[in-house]
Amino acid sequence: MTERILVPLDGSKVGEAALDIVKNVITKFAPDIKVEVTLLQVLTSLSHYVVAGETSVQVLYTAEEMNQIKKAASDYLIKVAEPLAKLGATINVKVATGNAADEILKAAEEINAAFIGMSTHGRSGISRWALGSVTDRVLRASSRPILVVRASKL
């Protein structure tokens, strides 16, 4: 029997808050139950702005720039995976592009995740309205259990 866990990460320390809980889950299951953890990073910005004086223009990243961004994301996930692998979990890393919530939900279905372990920034009020909440969107749309860890303020 294999338990599959999806852990979406955004590259921030706040986003990594769920990893400690996932480590605990791995140690509780191992060695009796095989644990497979998929670390996912979704790239949502496929463009950047070029500013000259008071004018700015949105420019799409080139294929070469996107490859570099994807490699950096993959390298980050591999680094984050090391402590999990030492606990005996099988680790997969995945970099996707698109809407973060949609890609998280899609990945959870693809790997048949037992649960999604993710962090929340704990925004409320106007900042949540302005910035949105990927965690909230995943919570509302997922058919899978979700472990949400509120990150401490860093």
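Nothing in this text is a laboratory measurement; each read-out follows from the coordinates by a stated rule. Because the structure is a prediction, the values reported are computed rather than measured. Backbone-built Cβ (ideal geometry, glycine too); neighbour counts: all protein chains shown.
Which value at 222 nm does the chain reach when only helices count, each DSSP H run of 4 or more adding -39,500 (n - 2.57), with the total divided by all residues and rounded to the nearest 500 deg cm²/dmol?
-13000 deg cm²/dmol, from helical runs alone.
Placing +1 at every Lys and Arg Cβ and -1 at every Asp and Glu Cβ, with all other atoms neutral, what dipole size does region 2-150 have around its Cα centre, in debye to the nearest 20?
So the dipole magnitude of region 2-150 works out to roughly 420 debye.
For the chain, with equal point scatterers placed on the C-alpha atoms only and solvent neglected, what are the log10 I(q)/I(0) values from the Debye formula at q = 0.10, 0.11, 0.15 1/Å, to two decimals?
Calculated log10 I(q)/I(0) at the listed q: -0.39, -0.47, -0.83.
What full-extension length gain, to one decimal in nm, is calculated for LYS106 and ASP32 as 0.36 nm per residue of separation minus the Cα-Cα distance?
Between LYS106 and ASP32, full extension yields 23.8 nm more.
When you count, for each residue, the other Cβ atoms within 10 Å and take the mean per peptide, how do 101-114, 60-73, 11-24 rank with the highest first?
Going from most to least packed, we get 101-114, 11-24, 60-73.
With Cβ to Cβ distances under 12 Å as the rule, what net charge do the other residues near LEU6 carry (K, R +1; D, E -1)?
Local charge sum for LEU6: -1.
Just rank ARG150, ARG4, ARG140, fewest to most, by other beta-carbon atoms within 10 angstrom.
In increasing order of surrounding Cβ atoms, one gets ARG140, ARG150, ARG4.
Among DSSP bridges having both ends in region 2-150, what percentage is antiparallel? Round to the nearest 5.
That works out to approximately 20 percent antiparallel.
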